[in-house]
Each structure stands twice: as structure tokens, then as C-alpha cells.
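Single-structure report; data block below.
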Amino acid sequence: MDLNAIKVFVHVVDAGSFVAAAEQTGIPKSTIARRIDELEASLGARLLQRSTRRSELTELGGGFYERARQIVADVDDAVEDVRAKQTEPRGVLRFTTSVLLAERYLGPIVAEYLGVHPRVELDMYLSPKHFDVIADGFDLALRVGPLKASSYIVRRLAPAPAYLCASPTYLKKRSAPTSVDELQKHDAIVFSASRSRETWRLDNDRGDQVNVVMDGPLVVNSHPIAMDCCLAGLGLAELPALVCCDALRSGELVRVLPKWSNASRWLHALYPSRHHVSPKVRTFLDFIAERLDPAPWDLEHPV
């Protein structure tokens, strides 16, 4: 059944005649008459008694009108709701990210965003696991570091490099390496979930890149624990700037081979499609990008 024909029927009843309905809607009177005829034919019932000046509801038409009017109102409300949501951020925004990033940096940003956009509700799920955004019911994911190939749209939000670090205590015991070739002579704190070795992917400002396979006395899948052990002098560590920036600023840690780092790491947002991105997603990502420019872990821009 044609919803447009039902809407025309409601217009005719509200206006009182085909002529008045045509004047109010801009639809030709002949088109209105044809759609009413088609609607009655599909129902197999007479809805309106026509006269020259008036259109009167039949008994069946009166009952149909009451329900049709509500249906048309509900559809109009649904259309307006969708349009509003495409212009004003509103609704629940579900996203997932790491515990470390959220607890250290996102709290104030999230609070400020909700103050600016009170019709949005944020549902944050913190986990080291990389969830499938669509399959697990998220609007987006925030991730730091290298990404696996996927069909998701990826937006860079802020650089998040990793630095080679050591404590002054360790460097008193062992001479600091003067080239990447000397790194394997040192103990390393290995960040890994399952392996006893880690590959440090390093580049410099000249565009040179090297991969150095490191092993050492500790394998751990927690960057904060890796930093604690680095502070204790256990060995060298490749640490994300968002973990070690404060220790580097205070001098508790020292950058080793400061011309080399893993500068290819970024904070990324992943979401399903670049088409019809909802205002809540778009404004949230814009807000994060703005608040992280410069990022609080950027050593060139002290807090």
C-alpha cells in the first residue's frame, strides 16, 4: 500500500475537500483524485463520499482516518528525528580504546565533550583487546600503534611515537649505545604478549629505517610495568611517549640514541564508513583531535 496515498487521504480529510487539499499541498487536484481512487481500490472499500464542494468520510473511512492520521504523524516524527540526528549530535556513542590511553588522557576530554554536547551519551569500553567495531557493536575504536589491514576508515588523530629509554642508573653500569648496531649488546625490557624477543622498528629524521631484534631478562605485555623496570635500571626499553613523557621530562629516564625513534606510531580512530558519518562520531573525533594538538605527551611542547 502506498504511504503517499495515505498521506494524501489524510490531507483531504483535514482540508475538507480535494480543492482545498490541492491548494494546501501544491498537488494537482487530478493527482489527488487518482491517489484516493487507487487507495480505495487497494482496500476494496469506499472511504470518501465526494460532492462538488465537500468530501465526507464514510463509516469505514472514519475508522481508517483515525489510524491513518496517527501513522502519518509517526512517520513524519521519525523523518524529523533522523534529520535532527544528522545535524545535532545526540544519542549513545559506543567506543573502545585501551585502558592506558583512556585513564591517562581521555577523562578530561570526555568530560568536556559531554558538557558541550549534552544530548550525547558516551559508552566507553576499555580493554587491551582489539575488537571488531561492527561485529561488537561499537561506533568507533581508538588505537595507538600499527594497525592490521581492514575495510574500516582510519583517521589519524595525533602522533604517538615510541622512544628508546634507559635510566641514569643503567647507563652508569653500561655505556650508552652510540649507534643502532650496539643495541643488541644491551639488556632489553621486551614488550610482548607471547614471545621472548621484540623487534624495535626505528627511523631517523633522514628517513633511514632499521629493525633490531632485542631480548632481555623481562618479557611483559604492560607498558607501565616495562617503564617501572626501566626506571629500576633493568635494561633499555622502547616505550610509547604517552607512557614515558613525564619521566623523560623529569630526567628519571633518558632517551638513548635520541635521533632514532619509532615515529610511525599514531593514535588512530577506526570507524565503519566515511559516508553518512553521524554528528556524534564526527564531532567527537574532531574534539579529540583538537584537544590533542599538541598532544600532552609531545616532548617538543611541554605541558
(request) Considering (1) assigned to a strand (DSSP E or B); (2) more than 33 Å from the chain's Cα centre (by Cα), say which one residue 170 fails and leave the rest. (result) (1)
(message) Give me the residue from segment 108-154 that is farther than 23 Å from residue 192 by Cα, in a strand (DSSP E or B) and among the β-branched types (Val, Ile, Thr) and, out of that set, most open to solvent (accessible area, probe 1.4 Å).
(response) 154
(request) Kindly list the number of the only condition in (1) within 17 Å of the chain's Cα centre (by Cα); (2) among the acidic types (Asp, Glu); (3) under 28 Å from residue 258 (Cα atoms) that fails for residue 132. (result) (3)
(message) Cβ-Cβ distance below 7 Å, separation of 6 or more or different chains: which pairs start in segment 1-13 with a residue that is under 23 Å from residue 51 (Cβ atoms) and without any contact (Cβ under 8 Å) to a residue 24 or more places away in the chain and end on one that is part of a helix (DSSP H, G or I) and open to solvent by 70 Å² or more (accessible area, probe 1.4 Å)?
(response) 11/24
(message) Can you go through 248, 157 and tell me which one is open to solvent by less than 40 Å² (accessible area, probe 1.4 Å), out of contact with any helix residue (DSSP H, G or I) (no Cβ under 6 Å at 6 or more places or on another chain) and at pLDDT 90 or above?
(response) 248
(request) Hey, could you check segment 226-243 for residues that are among the hydrophobic types (A, V, I, L, M, F, W, C) and more than 9 Å from residue 189 (Cβ to Cβ) and say which is nearest to the chain's Cα centre (by Cα)? (result) 242
(request) Report whether or not residue 87 is out of contact with any His (no Cβ under 6 Å at 6 or more places or on another chain), open to solvent by less than 30 Å² (accessible area, probe 1.4 Å) and closer than 30 Å to residue 138 by Cα. (result) no
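A quick yes/no check of all residues on (1) aliphatic (A, V, I, L, M); (2) free of Cβ contacts under 8 Å to residues at least 24 places away in the same chain:
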residue: 199; (1), (2): no, yes
residue: 203; (1), (2): no, no
residue: 215; (1), (2): no, no
residue: 220; (1), (2): yes, no
residue: 229; (1), (2): no, no
residue: 245; (1), (2): no, no
residue: 249; (1), (2): no, no
(request) Identify the residue in segment 283-303 that is closer than 27 Å to residue 180 by Cβ and among the acidic types (Asp, Glu) and, among all such residues, is least open to solvent (accessible area, probe 1.4 Å). (result) 298
(message) Between a residue in segment 170-183 that is under 20 Å from residue 213 (Cα atoms) and any residue that is loosely packed, with under 10 Cβ neighbours inside 10 Å, which pairs come within a Cβ distance under 8 Å, given they are 6 or more apart or on different chains?
(response) 177/185
(request) May I ask you to list the residues in segment 195-221 that are assigned to a loop (DSSP other than H, G, I, E, B) and surrounded by 15 or more Cβ atoms within 10 Å (Cβ to Cβ)? (result) 204, 216
(message) Considering only segment 92-107, I want to know if a residue exists there that is part of a strand (DSSP E or B) and open to solvent by 50 Å² or more (accessible area, probe 1.4 Å).
(response) yes
(message) Can you confirm whether residue 178 is within 22 Å of residue 220 (Cα to Cα), open to solvent by 60 Å² or more (accessible area, probe 1.4 Å), of a type outside the set (Lys, Arg) and over 17 Å from the mean Cα position of the chain (by Cα)?
(response) no
(message) buried (at least 17 other Cβ atoms within 10 Å of the Cβ) and among the charged types (D, E, K, R): is that true of residue 280 in this structure?
(response) yes
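Each row is one residue, and each column tells you yes or no for (1) open to solvent by 50 Å² or more (accessible area, probe 1.4 Å); (2) closer than 19 Å to residue 3 by Cβ; (3) modelled with pLDDT under 85.
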residue	(1), (2), (3)
26	yes, yes, no
33	no, yes, no
40	no, yes, no
53	yes, no, yes
67	yes, yes, no
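The values are calculated or read from the model by the stated rules, or taken from the named source; none is laboratory data. Note that the structure is a prediction, hence the values are computed from the model and not measured. Virtual Cβ from ideal backbone geometry, glycine too; neighbours counted across all protein chains shown. The area values use the complete protein model at the heavy-atom level, side chains included, leaving out ligands, DNA and RNA. Shrake-Rupley method; radii C 1.70, N 1.55, O 1.52, S 1.80 Å.
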